[in-house]
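The values are calculated or read from the model by the stated rules, or taken from the named source; none is laboratory data. Everything quoted here is computed from the prediction, not taken from an experiment. Cβ atoms come from the backbone with ideal geometry, glycine included; neighbour counts cover every protein chain shown.
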Amino acid sequence: MMSVYPEGLLRLALPSGHSLAYRRLGQPDARAWLVLHGGPGSGAASGLWHGFDLAMQQVVAPDQRGSGHSRPRGSLRGQRLDTLIDDLERLRQALGLATWSVMGGSWGATLALMYAARHPESVEALVLRGSFRGTRGEVIRLLRRFWPLGGPPVAAGNGAPAGLSPRCLRPAQADKVLHELSQLLRNGTVTPRVRRILQAWQTMEQAASLHGARQAWLHAGPTDEGRRLRRHWQSMRPALLRRGREHPAPMPARQTKALWQKYRIQAHHLANRCGLRPGDWDRALQTVAAQGIATHWIHGRHDAVCPPANSLDSQRRMSALPTQGGPSRLTLTRAGHLGSEPGNLQALRAAVRHG
C-alpha cells in the first residue's frame, strides 16, 4: 500500500525573500492535482480538497504569494499575474512532477487557465469552477447588489464622486474607486475608516455567497433536494456575518489585520484588472484548446459573484476551436458561488475523478 503524505505545512523559498506555503496531501504515486484558491489573497482552506479522494489521489494546495500562510503575508511585492504563474511552475519543478492537473475556483480558475496557457506542457487537465474574468462588469455587478454601507467603498472627500451609490456605478467610476481603494490599503495603518471598509467588504462577500445558496434552494422547490439545500444554507448562516446597513461591531485587532492583508492584495489585483490585457482570455482559450488540454467548466446557476455566462461563453468558444482531442465540457449546478455547496461539490468530485 502506498504511504500517505502528512497534512503538515511545507514551504518553498521564492525570489525576493518570499516563502510559498503549500500542502501536499494524499498518495505520493498517484496523479497530482494542483488546487488553486480564490480571493485573491485568501489562502488555501481545507474545503478546497474535499472533492478529492486522498486515499487514491494526490493534491498540492499552495497559498498564493502573500496569502494565507505564505510570507510575508499581505505583501504586494511581485503581485503580478506573470509572477504568480512563475511561482506555480517553480513549485511543480521543486516537487519533481512532470505534469499535473489543475483545479481552481473563482480567481483560482482565472489563474489556472492562464497558467495552463503559459505552460501547456505541464498541464494534463483543467477543472474550472465559477470562473472569474476580472472585468469591470463583474466588479460593478457585485458592488451594486451587495455593498452594505449605502455608499461607495471609498467615501466622498477622498476622490470618489460625492453622493455616489454603488447602484449607480459606471465602469470609469469603478476604475477610480478600485484604484483609490488599492492606494488606501497600501498604507499599513488601519484607521477606523479603513476598518469599516474592510468589514463592509467582508460583509459584501458573505452576503453574495448566502444569496446564491438561498436562490439554489428556493429554485429547487419543496423537494428532497430543496430541503437538503435549505439545510445547507441554514448551516452557512451562523458562520457568516448578517447582511445589514448598519455599521458592524468592531473586530479584534488580529482579525482586522488579517482582513487588511487579504483585501489589500485583492484590491491591488482588481485595480489592475487581475493582470489581464484585452484579448488575453480568448488567447488562453485558444492555446488550451490547441494543446488538447481537457477542460471541465463548472458553474452554479445562482452564482452572485461570478456570472454563469463566464463559463457558458468560454466553453462555447472552446468547443468551436480546433483541438488536438481534449474535450471541453460544461456542468451547470443548482448552486451559488462556493465550492462547498452540495451541487458544486458533487460536480467537482465527478470532474476530478474522470478529468
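For the reader, a short list of remarks on this structure follows.
- Those residues of region 58-81 which are in contact with a helix residue (DSSP H, G or I) (Cβ under 7 Å, 6 or more places away or on another chain) and either surrounded by fewer than 14 Cβ atoms within 10 Å (Cβ to Cβ) or in a loop (DSSP other than H, G, I, E, B) (or both), in sequence order: Gln64, Arg65, Gly66, Ser67, Arg73, Gly74, Leu76, Arg77, Gly78, Gln79, Arg80
- Leu36 surrounded by 15 or more Cβ atoms within 10 Å (Cβ to Cβ), in the same structural domain as Leu338 (by TED's automatic domain parsing), touching a Pro at 6+ places or on another chain (Cβ under 8 Å) and within 25 Å of Gln266 (Cβ to Cβ): yes
- Counting only residues that are under 13 Å from Gly39 (Cβ atoms) and of a type outside the set (A, V, I, L, M), region 83-116 holds 6 of them.
- Looking only at region 269-327, residues that are under 30 Å from Val177 (Cβ atoms), part of a helix (DSSP H, G or I), touching a residue at least 60 places away in the same chain (Cβ under 8 Å) and in contact with a strand residue (DSSP E or B) (Cβ under 8 Å, 6 or more places away or on another chain) come to 3 in all.
- Boolean, Gly134 is at pLDDT below 95 and touching a Cys at 6+ places or on another chain (Cβ under 8 Å): yes
- The lone exception for Arg193 - which of (1) touching a helix residue (DSSP H, G or I) at 6+ places or on another chain (Cβ under 7 Å); (2) under 26 Å from Arg77 (Cα atoms); (3) in a helix (DSSP H, G or I); (4) modelled with pLDDT of 85 or more it fails: (1)
- Just so you know, in region 310-337 the residues that are of a type in the set (A, V, I, L, M, F, W, C) and out of contact with any Asp or Glu (no Cβ under 9 Å at 6 or more places or on another chain) include one that is farthest from Arg227 (Cα to Cα), and it is Leu321.
- Scope region 284-306; condition surrounded by fewer than 23 Cβ atoms within 10 Å (Cβ to Cβ) and in contact with a Phe, Trp or Tyr (Cβ under 9 Å, 6 or more places away or on another chain); matching residues: Ala304
- Restricting region 1-40 to residues that are among the charged types (D, E, K, R) and modelled with pLDDT under 95, the residue that is farthest from Gly68 (Cα to Cα) is Asp29.
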